[in-house]
Amino acid sequence: MENQVTKPNQTLVSPGFTCWLTGLSGAGKSTIATELSKALNNLSVSCEVLDGDVIRKHLSSDLGFSPKDRETNVLRVGYLCSLLNKHNINTIVALISPFNATRDKLRQSLGKFIEIYVDCPLEECIKRDPKGLYQRAISGEITEFTGISSPYETPVSPDIVLKTYEEDVNQSVEKILKYLHHLKLIDIN
């Protein structure tokens, strides 16, 4: 069998990036992730969306919502991102990810990690309450619910802050695209 040799003009593909959207339930993470994916696909940038609800159902159904289980869930998703990124598959993650220390681990383990804080006041998230979870948490039916009976640590220095109570989805997506372009990860021209 012949040895395969890389041709001199053949370029190596650089690893992919991860856009990690963190914030309270109802802040708009999943909506932004979906629209960002569409925008990237329109720019011929392939990506995979990893949504917290889907991950919980298919990858982490064995976990509860204790701080340790939350960290395990986030680190599992981070590991999945590292595998996909290694093969030049960009990832968009929409996951509450409540703890700074866990997000710091992601930043260290993923080469091109963009932390995006989806900022929306708790009062607004409660008003939106798309799944009725806040009311169930407030009544005590759901325990260990982030923002009510379990803490959410606001990111210390996120790469991007999206204020979803002031800007619409298109404005949020545009901010992310401009940042990715600034980093030379995508071309928006």
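Throughout, read-outs are computed from the coordinates displayed, never taken from laboratory work. All of these numbers come straight from a predicted model, not from anything done at the bench. As a convention, Cβ positions derive from the backbone with ideal geometry for all residues, glycine included, and neighbour counts pool all protein chains shown.
Using the Cα centre of the chain as the reference point, and only Cβ charges (+1 on K/R, -1 on D/E), how large is the resulting charge dipole? Debye, rounded to the nearest 20.
Numbers: 21 positive and 23 negative charges, 88 e Å.
Here the chain has a charge dipole of around 420 debye.
Could you check the simple spin-label distance between LEU83 and SER109, using points 7 Å along Cα→Cβ, in nm with one decimal?
1.3
Lys/Arg Cβ at +1, Asp/Glu Cβ at -1, dipole of the range 105-157 taken about the Cα centre: which of GLN135, LEU106, TYR117 is farthest positive-ward?
LEU106
In Å and from the alpha-carbon atoms only, list the Rg and Dmax of the range 96-174.
According to the Cα coordinates of the range 96-174, Rg and Dmax are 14.3, 42 Å.
I'm spelling it out carefully: the read-out is Rg/Rh (Cα atoms, Kirkwood Rh), the candidates are (1) 1.02; (2) 0.94; (3) 1.32, and one was derived from this structure. Which label?
Read-out taken from this structure: (1).
So what's the net charge close to ASP51: Lys and Arg +1, Asp and Glu -1, counting the other residues with Cβ under 12 Å from its Cβ?
The answer is +1.
Treat every Asp and Glu Cβ in the range 62-141 as -1 and every Lys and Arg Cβ as +1, leave all other atoms uncharged, and give the resulting dipole magnitude about the Cα centre to the nearest 20 debye.
Values: 12 positive and 10 negative charges, 63 e Å.
Here the range 62-141 has a charge dipole of around 300 debye.
Between GLU166 and ASN41, what is the label-to-label distance in nm when each label sits 7 Å out along the Cα-to-Cβ direction?
If labels sit at GLU166 and ASN41, their model points lie 3.2 nm apart.
Please list 3J(HN,Hα) in residue order for the range 104-116, calculated via the Karplus relation 6.51 cos²θ - 1.76 cosθ + 1.60 where θ = phi - 60°; whole Hz, with x for glycine and proline.
For the range 104-116, the Karplus-derived couplings read 5, 4, 4, 4, 6, 8, 9, x, 10, 9, 10, 7, 10 Hz, x marking Gly and Pro.
In sequence order, what are the phi-derived ³J(HN,Hα) couplings for the range 83-95 according to the Karplus relation 6.51 cos²θ - 1.76 cosθ + 1.60 with θ = phi - 60°, rounded to whole Hz, with x for glycine and proline?
5, 5, 4, 4, 9, 6, 9, 6, 10, 10, 10, 10, 8
If R0 is 30 Å, what FRET efficiency do you get for LEU183 and GLU141 from their C-beta distance, rounded to 0.05? Let's see the in-between values first.
Numbers: r = 43 Å, r/R0 = 1.43.
My answer for the efficiency is 0.10.
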